[in-house]
Amino acid sequence: MMEIKNYYLPAEWHPQSYIQLTWPHKDTDWAYMLEEVEKCFLEIATHIAQRQPLLLVAPQFPAVLENFAYRDNICYIPCPTNDTWARDHGFITLLQNESAPLLLDFCFNGWGKKFAADQDNRINRGLMKQGVLNGTYTDHLDFVLEGGSIESDGHGTLLTTSECLLSANRNDRLNRADIEERLKSFLHVERVLWLDHGYLSGDDTDSHIDTLARFCPDQTIAYVKCENRTDEHYEALARMEEQLRTFRTLQDEPYRLVALPMPEAIFDEDGQRLPATYANFLVVNGAVLMPTYHQPALDEQARKALQKAFPQHEVVGIDCRPLIRQHGSLHCCTMQFPVPVLK
């Protein structure tokens, strides 16, 4: 195994080289609503590419980007794909001041073998063959880990959920202690904070942390808070909040907690509740891109909360109602690469 001493897992707000988007196409589950979801992806791409380079992965270059205003800021890599959730099939990057970044390739198995992921699981190796990334490829394909299941504060603390990392069909031969040992070793973190409560109805990921609670600068955690006692999520999210209040920083101080509202329930055509959450925001260079759900009062409440959590960033809302139709949101379909991954 490669020695990773002195490497660290940066926070998402570390200066970035790229954001990866794995674009929807006719052979994905988006086929029935492709035009609608491409409009959403186009808005995401615009807000990214006007601030930093965009790494675009797709079997063919999307026609909707042919006359894109920021075309020069796109690095396009042709690659077969199953789906669009770059957060979970993308590289996880470790940094070290004097060495090349480590690009960690973990196994993505469709969130516990729920969906096909064979092509998505080969994207990272395809990116390395194209030579667009500055970094050392690191093979961890014998361990299942999705980027949406972990949060780093950049200072040695990892936040995750026991519901996801201990779920069946991921690493079920390993217990909690085994998994924590590997997380510390592979990601070079000092400790793991496990959230044992909280979920979203309609979520396929078994409670990814990026749907529930997120690290922010200055020892801050933004989290989903449900105020409606009749909502099915109320008790679980209240227990999550209680547990968050018990967590301490490495300096043994409580975290600054910033509550995000719970969106009003959104249902699909079959009456299934969809996993709308404001916690699924994306940090880019100079901005926080925040999912909105056409609920003006709650969208604005969430924007103000994230502005409090990220006072040095512009907070920009993007309507992500199309994304939740396939049970993800804005953060789920992106993956950041910190400086200096860009060649």
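Some notes on this structure:
- Using C-alpha pairs under 8 Å with a sequence gap of at least 6, the mean separation divided by the residue count of segment 175-233 gives a relative contact order of 20 percent.
- Dividing the alpha-carbon radius of gyration of segment 151-253 by the rule-of-thumb value 2.2 N^0.38 Å gives 1.10.
- Taking only protein heavy atoms and a 1.4 Å probe, the accessible area of segment 108-191 is 44% carbon and sulfur.
- Integer Hz, Karplus 6.51/-1.76/1.60 couplings in order for segment 212-223, x for Gly and Pro: 10, 8, 9, 5, 9, x, 6, 6, 10, 10, 8, 9
- For Thr136, the residues whose modelled amide H falls within less than 5 Å of its own, excluding neighbours fewer than 5 places apart on the same chain, are Leu102, Leu103.
- Carbon + sulfur, % of accessible area of segment 201-299 - ligands and nucleic acids excluded, 1.4 Å: 44
- The relative contact order of the chain comes to 21 percent, based on Cα pairs under 8 Å that sit 6 or more residues apart.
- Considering only beta bridges that DSSP places wholly inside segment 45-195, some 25 percent are antiparallel.
- Prolate/oblate/rounded call for segment 198-282, Cα gyration tensor, a/c under 1.5 rounded: prolate
- Relative contact order (%) - criterion: Cα under 8 Å, at least six apart; region: segment 145-281: 24
- Gyration tensor verdict on segment 1-83 (Cα atoms; rounded if a/c is under 1.5, prolate if a/b is larger than b/c, oblate otherwise): prolate
- Separation of alpha-carbon centers, segment 214-257 and segment 303-329, rounded to whole Å: 18
- For the residues Thr246, Thr138, Thr93, a GNM of the chain with alpha-carbon springs under 10 Å puts the largest fluctuation on Thr246.
- Loop-located GluC sites (Glu not before Pro) in segment 258-310 (DSSP state not H, G, I, E or B) with no more than 12 neighbouring Cβ atoms inside 10 Å: Glu269.
- Normalised size of segment 110-176, defined as Cα radius of gyration per 2.2 N^0.38 Å with N residues, equals 1.29.
- Accessible area (Å², per residue) of the chain, counting only protein heavy atoms and a probe of 1.4 Å: 41
- By DSSP, the beta bridges lying fully in the chain are antiparallel in about 40 percent of cases.
- Whether the chain is rounded, prolate or oblate, judged on the alpha carbon gyration tensor where a/c under 1.5 counts as rounded: rounded
- Percent of beta bridges antiparallel (DSSP, segment 246-343, rounded to nearest 5): 45
The values are calculated or read from the model by the stated rules, or taken from the named source; none is laboratory data. In this text the structure is predicted, and so the values were computed from the model without any measurement. FYI the Cβ positions are ideal-geometry reconstructions off the backbone, even for glycines, and counts take in every protein chain you see. Note: accessible area is taken over every heavy atom of the protein model, side chains too, but ligands, DNA and RNA are not part of it. Shrake-Rupley method; radii C 1.70, N 1.55, O 1.52, S 1.80 Å.
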